[in-house]
1. Provide a single number: the residues in region 91-104 that are surrounded by 17 or more Cβ atoms within 10 Å (Cβ to Cβ), in a helix (DSSP H, G or I) and not small (Gly, Ala, Ser).
2. All but one of (1) touching a residue at least 40 places away in the same chain (Cβ under 8 Å); (2) part of a strand (DSSP E or B) hold for ARG107; which doesn't?
3. For region 66-90, which residues satisfy the criterion of being under 19 Å from GLY127 (Cβ atoms) and part of a loop (DSSP other than H, G, I, E, B)?
4. Residues in region 115-150 that are hydrophobic (A, V, I, L, M, F, W, C), more than 20 Å from TYR95 (Cβ to Cβ) and assigned to a loop (DSSP other than H, G, I, E, B): how many?
5. Looking for something touching a residue at least 60 places away in the same chain (Cβ under 8 Å) and within 15 Å of the chain's Cα centre (by Cα) - is there at least one such residue anywhere in region 141-148?
6. If you go through region 116-130 one residue at a time, how many are without any contact (Cβ under 8 Å) to a residue 40 or more places away in the chain and over 10 Å from the mean Cα position of the chain (by Cα)?
Amino acid sequence: MLALLVIGAVSALMQRGRRLSPRRWEIKNPPQNVDWRVIRPREGQDSVRAWPAEENSSVQTRAGALQARAGLDYIVEYEGGARAVVRGDIFERSYEPLGDGRFQKRRDLQLRAFTLDRPALVHTLEGPHEAEPGDWVIEGVVGEIWPVPRADAVKKYESARERVMAKD
């Protein structure tokens, strides 16, 4: 009987759209109620190799297999061989060519970021990604968001100006 009561309570909560774990945050769009700060890529970062996807293909990444769309996406290869798929318009606004198929993040980019105070599921262009307290959530050049572990974020980004609450 107790089991039926528990199942009924869980079902009722799920039907009302409440999560059983109120401390976990689901982020689908850039939130308005956080302490955004403006950041930019740090100077001296490693360059990447990148090329436009010439055919529809599957690219193995740390996040799993991602689909690269011919003529729409870039395949980016970082030092150490890790790969990513980046939408073409985002890549072209975010990177500058160095020659010989190598690119570097533009230093004049101004992005927004905030630090998570609780675990979150961040919905990125590639799909959902788990993030932990202390990780940064970054908003890119076309409003896309993605989580970055704190240790990686402080190596890759620096403050661009004072903190902001709303998008300029």
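Quick note: the coordinates plus some simple rules give every number you see, no bench work behind them. Please read these numbers as outputs of a predicted model, since none were measured by experiment. Glycine gets a Cβ as well: all are built from the backbone with ideal geometry, and neighbour counts include every protein chain shown.
1. Residues flagged as surrounded by 17 or more Cβ atoms within 10 Å (Cβ to Cβ), in a helix (DSSP H, G or I) and not small (Gly, Ala, Ser) within region 91-104 amount to 1.
2. Checking ARG107 against (1) touching a residue at least 40 places away in the same chain (Cβ under 8 Å); (2) part of a strand (DSSP E or B), the one that fails is (2).
3. Residues satisfying the conditions are ARG69, LEU72, ALA82.
4. Matching residues across region 115-150 total 1.
5. Going residue by residue through region 141-148, those that are touching a residue at least 60 places away in the same chain (Cβ under 8 Å) are 143, 145.
From the residues that got through so far, the ones that are within 15 Å of the chain's Cα centre (by Cα) too are 143, 145.
Checked against the condition, which is being touching a residue at least 60 places away in the same chain (Cβ under 8 Å) and within 15 Å of the chain's Cα centre (by Cα), region 141-148 yields at least one hit.
6. Our first condition is that a residue be without any contact (Cβ under 8 Å) to a residue 40 or more places away in the chain; within region 116-130, this holds for 117, 124-125, 128, 130.
From what's left, over 10 Å from the mean Cα position of the chain (by Cα): 117, 130.
Counting residues in region 116-130 that are without any contact (Cβ under 8 Å) to a residue 40 or more places away in the chain and over 10 Å from the mean Cα position of the chain (by Cα) gives 2.
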